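Where a number appears in this text, it was derived from the coordinates with a stated rule and is not lab data. In this text the structure is predicted, and so the values were computed from the model without any measurement. For neighbour counting, all protein chains shown are included, and Cβ atoms are generated from backbone atoms with ideal geometry for every residue, glycine included.
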Amino acid sequence: MSKILIIEDEERIAQFVAKGLTKQGFHPTVALTGREGLHLAQTGDFELVLLDLGLPDMDGFGVLQEIRSAHNDVPVIVLTARTSIEDTVYGLEEGADDYVAKPFRFEELVARIRLRLPSDTNGADLNDLTGGNITLELRTRQARVGDDIVELSAREFALAEAFLRNPRVVLSREQLLSRVWGQDSDPASNVVDVYVRYLRKKLGAEHFETVRGLGYRFVA
């Protein structure tokens, strides 16, 4: 059962989300203040955090920064009424994995949560993924090239996982953008290209082919 931390100061919304997630088979915990949520995020064993920005005691961006500065790669979905492009971009740059605007459809929120959860909490195969000399250890979220451990960020690992689950399949930039950065990501963004370059540098350029006009393909 996936443990999800909800950091939301509006108790009505927090309880609505918590009740809905419980019915979906998740195990939610509610924090009504930023400091309480930050403490739980740093000490609890959560698979995902839902984070409101307009908290009474500290800004949600501050909570996010503290989580990431502690090298905590737990997926964070920002859930907020702030819908400006500036806030969205800033949140993603600070380490948010997705951004859901209020009001929202609960079904969409659950879909985004399932997309962001580690494979093991979705009931997916927990065997290591292997392609050529690359191994992704899904339980530990660790990557290896041969016998060498390679440090990957949460997004780099998610992108590598998408490739290794689809060997020889051409994946479009739009597919990768949606899978790793969320369905509302700007399709004009070049972030996929940037992160493919990161993977080429860390895991081996020969594994990631550019298919002109279509996207990228993983070759073992």
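Some notes on this structure:
- Estimated inter-spin distance, S153 and Q65, nm [label 7 Å along Cα→Cβ]: 1.7 nm
- Counting charges near A158 (Lys, Arg +1; Asp, Glu -1) among other residues having Cβ under 12 Å from its Cβ returns a value of 0.
- Between L79 and L51, D52, L53, V100, the built amide H atoms are under 5 Å apart, and every one of these is 5 or more places off in sequence or on another chain.
- In this simple spin-label model, placing a label point 7 Å from the Cα along the Cα-to-Cβ direction at both H27 and R197 gives a separation of 4.3 nm.
- Cα long-axis angle, helix 191-203 against the chain (0 to 90 degrees, to the nearest 10): 60 degrees
- Extension gain for E36 to R105 (0.36 nm times residue separation, less C-alpha to C-alpha distance): 22.2 nm.
- Nitroxide proxy distance, nm - points 7 Å out along Cα→Cβ at R168 and A205: 2.5 nm
- Using alpha-carbon coordinates, inclination of helix 154-164 to the longest axis of the chain, degrees: 40 degrees
- Over segment 3-116, the pair-distance histogram of Cα-Cα distances with 10 Å bins from zero comes to 15, 54, 30, 1 percent, rounded to whole numbers.
- Calculated Cα extents along the principal axes in Å (choose from [x] 51, 34, 31; [y] 60, 33, 33; [z] 49, 43, 30), label: [x]
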